[in-house]
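Notes follow once the structure below has been shown.
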Amino acid sequence: MNPSTTGTVGAPAAPTPQQIKDTVAQLIGIDADAIADDMNLIALGLKSMHIMQLVNGWRRAGRRVSFKDLAADPTVANWARQLA
């Protein structure tokens, strides 16, 4: 079994907090190092349209995630938990 999976053979690895930061930073045009794990991503400029883009991409990659869950607590820390 691949150690990067969560117990299911062939399951996609969850994005790391740094990968989430990199993706969000690219969407909103800031440096990923400016994003702390507990920062509200909406307050930083992330829009609902961006969250939908992320949800759709993560779903295509095999992750089970919902817009509602991500929007309820828009932080890197929460998203990493949701995607794990």
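The values are calculated or read from the model by the stated rules, or taken from the named source; none is laboratory data. Every value quoted in this text rests on a predicted model; they were computed, and no experiment measured them. Cβ: placed from backbone, ideal geometry, glycine included. Neighbour counts: every protein chain shown. Areas reflect the complete protein model, heavy atoms only, side chains present, ligands, DNA and RNA absent. Shrake-Rupley method; radii C 1.70, N 1.55, O 1.52, S 1.80 Å.
Summary of computed values
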item: Two-site label geometry, GLN26 and ALA71: point separation in nm, points 7 Å out along Cα→Cβ; result: 2.4 nm
item: Candidates per trypsin sites (Lys or Arg not before Pro) in segment 32-63, loop by DSSP, up to 15 other Cβ within 10 Å; result: LYS47
item: Area of VAL65 that stays accessible when all protein chains are in place (1.4 Å probe, Å², to 10); result: 20 Å²
item: Assigned charges on the beta-carbon of Lys, Arg, Asp, Glu; the chain dipole about Cα centre (debye); result: 460 debye
